[in-house]
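Structure, as structure tokens:
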Amino acid sequence: MARLIDGKAVSKQIKDELKETVADWKTKGIEIGLAVIQVGKDPASSVYVGNKKKACEYVGIRSESYELPEETTQEELLQLIERLNQDDGIHGILVQLPVPAHIDEDTIIRAISPKKDVDGFHPQSVGALSIGQPGFVSCTPAGIIQLLKRNDIEIEGKECVVIGRSNIVGKPMALLLLRENGTVTVAHSKTRNLREVCKRADILVVAVGRPRMIDASYVKEGAVVIDVGIHRNENNKLCGDVDFESVEPVASAITPVPGGVGPMTIAMLMYNCVEAVELSKA
Ligand code: NAD
């Protein structure tokens, strides 16, 4: 039976550590501020935004909320971002994705000051990660590294397979595992013999965006399996990209959905907000 990797517990541990740092900054007269912008009323986005605000409250970060109507123009959004870029009381800016189709996501990501890019999506942040320089790291993959480390799962020298090559999960995940001296393979929709590739993995990170696609036939006995996916099944219950019931008996450790990777994403957003204060001083 696999060990359950408890993302809720690790996330709380990280938030409790950050709470102390945030309180320290307060004694020095600095209150950390995060601006959260949502355009439109996508229900899933509203849940994520709500959870981010709750985490801010817990850690002691001031969150400023901008709930803009669906019809907001790109120009209006850019003007708001520019104003927040100049605002010394705001250390992090987050635009909840996806934005409505009439707004160009890349333009918005680039408009956020790299010093306030707490999502780690700006090309400057991504570039810094790829050449091993300090900078903001995308929250979900950064959270996965913390999950592994804080569960004493060694990465160095291990065969790591990441399924998915998105800019926010798969690619930064691969770079972070490489930074930890893993031997990294990135699999994607054009990969041949996906099962054989996955079966090599000591650590298998699944970010494929397909409910319960990865069953035991993809997993080596004793592998560590990290499930990034979030979906609702036919009974409206949350499930991941991994078929948990099938994989759990084969793996040595596995993240559940919910309660695995999800809570880590928010904890690392809080971490990045604290980092942003250091950057604002640089
Ligand atoms: P995405 O759709 O942008 O990328 C999916 C990737 O999977 C693509 O690179 C594609 O090449 C690959 N892929 C698709 N079908 C495949 C197949 N049949 N075989 C092999 N590879 C295939 O998704 P994403 O943004 O990277 O997110 C992945 C999953 O993680 C989604 O379920 C998403 O909801 C979830 N997610 C969770 C969190 C969290 O906080 N837990 C954060 C971000 C994303």
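Just the number, please: percent antiparallel of the DSSP beta bridges in the chain, rounded to the nearest 5.
Details: 2 of 31 bridges.
Of those bridges, close to 5 percent are antiparallel.
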- Measuring from label point to label point, each 7 Å out along Cα→Cβ, what is the Lys190 to Arg110 span in nm? 2.4 nm
- Item | Selected from Val205, Val39, Val137 as most flexible by GNM, with the chain as the system and alpha-carbon contacts under 10 Å | Val39
- Using a 1.4 angstrom probe on heavy atoms only, work out the carbon and sulfur share of the accessible area of segment 139-262 in %. 46 percent
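Tally up the carbon and sulfur contribution to the accessible surface of segment 74-122 as a whole percent, 1.4 Å probe, everything protein left in place. Don't skip to the answer; put the middle values down first.
Details: 1030 of 2240 Å².
Carbon plus sulfur share of accessible area: 46 percent.
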- Of the DSSP H helices in the chain, those whose Cα atoms cover at least 27 Å axially and whose Kyte score averages 0.0 or more: 261-281
- Task: Give, rounded to the nearest 20 debye, the magnitude of the charge dipole that segment 86-128 has about its Cα centre when Lys and Arg contribute +1 at Cβ and Asp and Glu contribute -1 at Cβ.
- Result: 100 debye
- Hey, how many Å between the Cα centroid of segment 1-46 and the Cα centroid of segment 235-281? 13 Å
- Just subtract the alpha-carbon distance of Asp152 and Lys8 from 0.36 nm times their residue separation and send over the number in nm, one decimal. 50.2 nm
- Message: Which one, Ala174, Ala44, Ala251, has the greatest fluctuation when you compute a Gaussian network model over the chain with C-alpha springs under 10 angstrom?
- Response: Ala44
- If you stretched the chain out fully between Glu17 and Thr73, how much longer would it get, using 0.36 nm times the residue separation minus the C-alpha to C-alpha distance? 16.2 nm
- Item | For segment 139-262: accessible area per residue (Å², 1.4 Å) | 46 Å²
- Item | Among Thr72, Pro43, Ile61 - extreme Cα towards positive end, dipole of segment 29-116, charges at beta-carbon | Ile61
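FRET efficiency for Ser65 and Asp88, Cβ-Cβ distance as r, R0 = 22 Å, nearest 0.05? It would help to have the intermediate numbers written out before the result.
Values: r = 19 Å, r/R0 = 0.86.
Rounded to the nearest 0.05, the efficiency is 0.70.
At 0.36 nm per residue, minus the direct Cα-Cα distance, what do Arg179 and Ser217 gain on full extension? Give it in nm, one decimal, please.
Working: separation 38, 0.36 × 38 = 13.68 nm, distance 2.87 nm.
Roughly 10.8 nm would be gained on extension.
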- Message: Which trypsin sites (Lys or Arg not before Pro) in segment 227-282 sit in a loop by DSSP (not H, G, I, E or B) and have at most 13 other Cβ atoms within 10 Å of their own Cβ?
- Response: Lys237
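Quick one: putting +1 on the C-beta of Lys and Arg, -1 on the C-beta of Asp and Glu, what dipole do you get for the chain around its Cα centre, in Debye to the nearest 20?
Details: 33 positive and 39 negative charges, 109 e Å.
Computed about the Cα centre, the dipole is about 520 debye.
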- Task: Could you state the accessible area per residue of segment 29-116 in Å², with a 1.4 Å probe and every protein chain left in place?
- Result: 49 Å²
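For segment 15-84, what mean projected area does the convex hull of the alpha carbons give, in nm²? Could you put the intermediate results ahead of the total?
On the way: hull surface 21.1 nm².
For the Cα atoms of segment 15-84, the hull's average projected area reads 5.3 nm².
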- Item | 222 nm mean residue ellipticity, helices alone, for the chain (DSSP H n ≥ 4; -39,500 (n - 2.57); rounded to 500) | -13000 deg cm²/dmol
- Heavy atoms of Lys199: accessible area, 1.4 Å probe, square angstrom to 10: 100 Å²
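Write down the Å³ per residue value for the convex hull defined by the alpha carbon atoms of the chain. Before the final figure, lay out each step's value.
Values: hull volume 36.3 nm³, N = 282.
Convex hull volume per residue, Cα atoms: 129 Å³.
Could you compute Rg(Cα) / (2.2 N^0.38 Å) for segment 139-262, with N its residue count? Walk me through the intermediate numbers first.
Values: Rg = 13.0 Å, N = 124, 2.2 N^0.38 = 13.7 Å.
Segment 139-262 yields a ratio of 0.95.
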- Query: Setting aside same-chain residues fewer than 8 positions from Lys28, which lysines have a Cα under 19 Å from its Cα?
  - Reply: Lys19, Lys281
- Message: If I ignore ligands, DNA and RNA and count only protein heavy atoms, how much of Ser280 is accessible to a 1.4 Å probe, in Å² to the nearest 10?
- Response: 60 Å²
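DSSP loop (so not H, G, I, E, B), at most 11 other Cβ within 10 Å: list which GluC sites (Glu not before Pro) in segment 96-187 pass both filters.
Values: sites: Glu105, Glu154, Glu156, Glu159, Glu180; in loops: Glu154, Glu156, Glu180.
Answer by residue number: Glu156.
Let me spell out the model: positive unit charges on the Cβ of Lys and Arg, negative unit charges on the Cβ of Asp and Glu, origin at the Cα centre of segment 41-157. What dipole size does that give, in debye rounded to 20? Mind showing how you got there, number by number?
Details: 11 positive and 19 negative charges, 97 e Å.
Using Cβ point charges on Lys, Arg, Asp and Glu, segment 41-157 gives about 460 debye.
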- Message: Running a GNM on the chain with Cα contacts under 10 Å, which residue among Lys15, Lys116, Lys158 ends up with the highest mean-square fluctuation?
- Response: Lys158
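The values are calculated or read from the model by the stated rules, or taken from the named source; none is laboratory data. Predicted model, so just to flag it, every value in this text is computed and none were measured. Note that each Cβ is placed from the backbone with ideal geometry, even for glycine, and that neighbours are counted across all protein chains shown. We work out accessible area using only protein heavy atoms, side chains counted, and drop any ligands, DNA or RNA first. Shrake-Rupley method; radii C 1.70, N 1.55, O 1.52, S 1.80 Å.
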